[in-house]
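Before any comments, here is the structure.
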Amino acid sequence: MILSPAERSYLRDSLSLETPIRPDSRLVGQFRPIEAVCNFLPNFNGSSRVRLSDGNECITSVKSSVVIISSSSRDDSVNLIDFLFNIPGYRDDSNLVSNLTLTFNKIFNNNFDYSSLKLKNFKNHFFKLSIDILFISNSSDINDNYVPLTLISFSSYLALRSTRLPLLINDLEKDEEDLNIDKIKTQKEVELPMFSDDWSDSTYLFPTSPSSSTANANQRTPPLIFILAVIDDNLFVDPTIEEQYVSDNGLIVPWCSGNIINPIESTKLSRDPNSDSTSSSTVGLNYNHLTKGISLVKEVAAKVASALDNVVNTSDENEFLNSIF
Amino acid sequence: MSSTSKQNWAISDCDAHFCDVLVMLKIFVPFHCYGWSSQKCWGAEEETAGEAGKAGEAGEAPAEATMEVLTVSKPIQNREDFDSDSDSDLDLDFASPQKQSLQNSVVTPGELVTSDPMLMRGHGTYSVGNKTYSSVAGTISRVNKLLSVIPLKSRFRPETGDHIVGRITEVGNKRWKVDIGGEQNAILLLGSVNLPGGILRRKSQNDELTMRNFLKEGDLLNCEVQMLYNDGAAGLHTRSLKYGKLRNGLLVLVPSYLIVRTKNHSFDLPGNVSIILGVNGFVWLYKTPLKTSLSSSSTLKNTNLNKFQTMLNSDSSNYTPGSTSVSITRLEEESTWEIYSDKNDPNISNNVRLNIVRYKNCLKCLSHCEIGITKSRIEHVYDISLEYENSGNLIEIEVMERIGKDVLNGEKMRGVNTSKMMSL
């Protein structure tokens, strides 16, 4: 996508005003409306589909498996969350896909509480989550610089939020047995974990507290990743492609359970092959941008999370019996 | 449902009626028959103080008037309701399959259009054996023996005389390739544009070398379809002062089938905003230019950027039209250089910018509701949208559908009592 010089300067002027005017007149902290469902794939632990009105769509599925990690090898090299991106038209080793995989793996594994993935009463058994993300776009505008990170992040949040893990039945039986015998047993013979085949017994990976409004702040949630476009002194959430093209810089701010988490990264959002040297290609970030960006994310993130949580809470088991669409 | 749709088909003989029925079906069906249930999940319920004031001031403003961070809705379910539709179609087919199929009715891809081998198969059809099937979803059109299906949705098909907006994609040999949202790029020949140095001159080789000074890749322009080539590509021209490069505004893309072809496609709208409603669905919203701007040297000073222009400007600072003998060509030169300027008007006020984005959202609203876009409808939607102080509310699906309904209802009422509705 190319903008004409007149369009570009008009957009930039509008966006760098003291009270910026976005091309679709959204507020600085307002997202485009999305259409979302979750738990619609029957064969997965969790799944979600998020659509934007511009036709971009993101389908995410979470599949769990049990892995054995001995305590000696339990270090940073072991990732219990594994992202796999599938973007039609892009090879797995393309810049776009590998950058996305790297970013998501890093953010999610650094900020995930692995204890929630540990199997109860098993020393070295963990759930490993394989998250597959399919991103469908009908525009040719995606490239290394223009990635709808917000949409992908919403989708992975919803999928993880709706993820349910099967109930372990080994330890349930053992509770009734003598504890001593139990200990000897687990030490001597390696027992295989057994799971209940009744899906209604499964538990949510991220349990929702009954009174979601009050306990929101300290509730454990999956990370959300926000991408902000920086234009002059202004920052915008959920930038459209036009906004990205006229932006000076981009800021990736991850958020989890009420806090900003690391790593906060800067990224270049605009790459116009026809842009001349004057088009702000060398503008950096300053301290103001960072504080502004962080406070903006803090302001909106909890609302975004609770809006997405509502989708999970209101999703209906039998909604997709006939058709997923 | 089946009974109402039968009625609709019954009156569909007349073309004009038929379009209305289509629009109504599209718009109202999700509301009434299928129970559009967008279960809203609001990001946050609390209002900020300013927004509360707004809601109080606009008395009937609904809850959506408060700004939300993120709206999440669920897609429409229960598609099985459409079964009742197909039942009614079947009934009609059984009644008189041959006759019915050749009338103005909607066919879907793969649907049998006719089994009469005498008819010629036109666009949008294919044949297996002697039978003709539709390859697109659309209406059947028959001209003598030629049978074709006109698709409901398609890319823009240029016709001679269309006023369109396009974007340069390629600068080639004596021509520009222009993206007009059609099946192929349109062609703008160097010979069909106004050039500085006098419009009546033959284009020289020097002009060919400096083509990028006039129009380069990415530039938006406003032009007319002059002719159609054999392969269906459009040949454009900008040989009029009302055509040329576009500045001072925003481009909005809407489906081309929503633009109603009329005599005039550029209008001034309330709020100091002008619009070029390209037939191809490219709509340009911009600040209404000053009427005197073409010959006034003060605006020229602001917009000048070109070395030629600076040269011109220096000796035309006290220029008034008609005062010198060379005025005709000089006027030509000045206006044409302004046509190719890339600089926006430096004095676009915030109000104009706000109005432009509001109009943009109004257009998006009409296109979301699949309502044909005309000047009066744009103004109507704009009036309704003023109820929302921040036009950013208009991107919410629920708001858009409500406004779309209001527009159609308003027009229905206008049909009953014209004088009363004019005041709206």
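The values are calculated or read from the model by the stated rules, or taken from the named source; none is laboratory data. What you are looking at is a predicted structure, and each value in this text was computed from that prediction instead of being measured. Every residue, glycine among them, receives a Cβ derived from its backbone with ideal geometry; neighbour counts consider all protein chains shown. Surface accessibility is based on the protein's heavy atoms, side chains included, excluding ligands, DNA and RNA. Shrake-Rupley method; radii C 1.70, N 1.55, O 1.52, S 1.80 Å.
Looking for whichever is out of contact with any helix residue (DSSP H, G or I) (no Cβ under 8 Å at 6 or more places or on another chain), in a strand (DSSP E or B) and among the β-branched types (V, I, T) here; the options are A:V50, A:V66, A:V78. Which one fits? Don't jump to the end; show me each part of the working.
Details: A:V50 fails: out of contact with any helix residue (DSSP H, G or I) (no Cβ under 8 Å at 6 or more places or on another chain); A:V78 fails: in a strand (DSSP E or B).
Unique residue meeting the criteria: A:V66.
Which residues, taken from segment A:10-30, are open to solvent by less than 40 Å² (accessible area, probe 1.4 Å) and in a helix (DSSP H, G or I)?
Hits for segment A:10-30 are A:Y10, A:L11, A:S14, A:L15.
Identify all residues within segment A:32-43 that are in contact (Cβ under 8 Å) with a residue 24 or more places away in the chain and either more than 7 Å from chain B (Cβ to nearest Cβ) or assigned to a strand (DSSP E or B) (or both); write none if there are none.
A:I34, A:A36, A:V37, A:C38, A:N39, A:F40, A:L41, A:P42
With the condition kept exactly as written, say whether any residue in segment A:49-71 is acidic (D, E) and either within 26 Å of A:I294 (Cα to Cα) or within 14 Å of another protein chain (Cβ to nearest Cβ) (or both). Please lay out each step first, then the result.
Just the residues of segment A:49-71 that are acidic (D, E), to begin with: A:54, A:57.
Within this subset, residues satisfying the condition of being either within 26 Å of A:I294 (Cα to Cα) or within 14 Å of another protein chain (Cβ to nearest Cβ) (or both) are A:54, A:57.
Within segment A:49-71 (the criterion being acidic (D, E) and either within 26 Å of A:I294 (Cα to Cα) or within 14 Å of another protein chain (Cβ to nearest Cβ) (or both)), the answer is yes, since at least one residue qualifies.
Find all pairs meeting these conditions: Cβ atoms under 9 angstrom apart; at least six residues apart or on different chains; first residue within segment B:338-355 and facing chain A (nearest Cβ under 7 Å); second residue modelled with pLDDT under 85.
Listed by first residue and then by second, the contacts come to B:D342/B:L305; B:N344/B:T303; B:L354/B:S391.
Residue-wise test of (1) out of contact with any Pro (no Cβ under 8 Å at 6 or more places or on another chain); (2) farther than 25 Å from B:E370 by Cα; (3) of a type in the set (S, T, N, Q); (4) in the same structural domain as B:N280 (by the TED database).
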residue: B:G124; (1), (2), (3), (4): no, no, no, no
residue: B:V136; (1), (2), (3), (4): no, no, no, no
residue: B:T139; (1), (2), (3), (4): yes, no, yes, no
residue: B:G182; (1), (2), (3), (4): no, no, no, no
residue: B:L190; (1), (2), (3), (4): yes, yes, no, no
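Select from segment B:239-271 the residues that are more than 14 Å from every other protein chain (Cβ to nearest Cβ), modelled with pLDDT of 90 or more and either open to solvent by less than 40 Å² (accessible area, probe 1.4 Å) or part of a strand (DSSP E or B) (or both) and list them in ascending order.
Hits for segment B:239-271 are B:S256, B:L258, B:I259, B:H265, B:S266, B:F267, B:D268, B:L269.
Which condition does B:A186 not pass, out of (1) open to solvent by 10 Å² or more (accessible area, probe 1.4 Å); (2) away from chain A (no Cβ under 14 Å), if it passes all the others?
In the conditions (1) open to solvent by 10 Å² or more (accessible area, probe 1.4 Å); (2) away from chain A (no Cβ under 14 Å), B:A186 misses (1) alone.
Look at A:S4 and say whether it is crowded, with 21+ Cβ neighbours inside 10 Å and more than 9 Å from chain B (Cβ to nearest Cβ).
Working: crowded, with 21+ Cβ neighbours inside 10 Å: yes; more than 9 Å from chain B (Cβ to nearest Cβ): no.
No.
Please work out if B:N361 is among the polar types (S, T, N, Q) and within 9 Å of chain A (Cβ to nearest Cβ). If you could, list the steps in order and put the result at the bottom.
On the way: among the polar types (S, T, N, Q): yes; within 9 Å of chain A (Cβ to nearest Cβ): yes.
Yes: the conditions hold for B:N361.
Could you go through segment A:103-115 and let me know if any residue there is surrounded by fewer than 21 Cβ atoms within 10 Å (Cβ to Cβ), of a type in the set (D, E), at pLDDT 90 or above and not in a helix (DSSP H, G or I).
no
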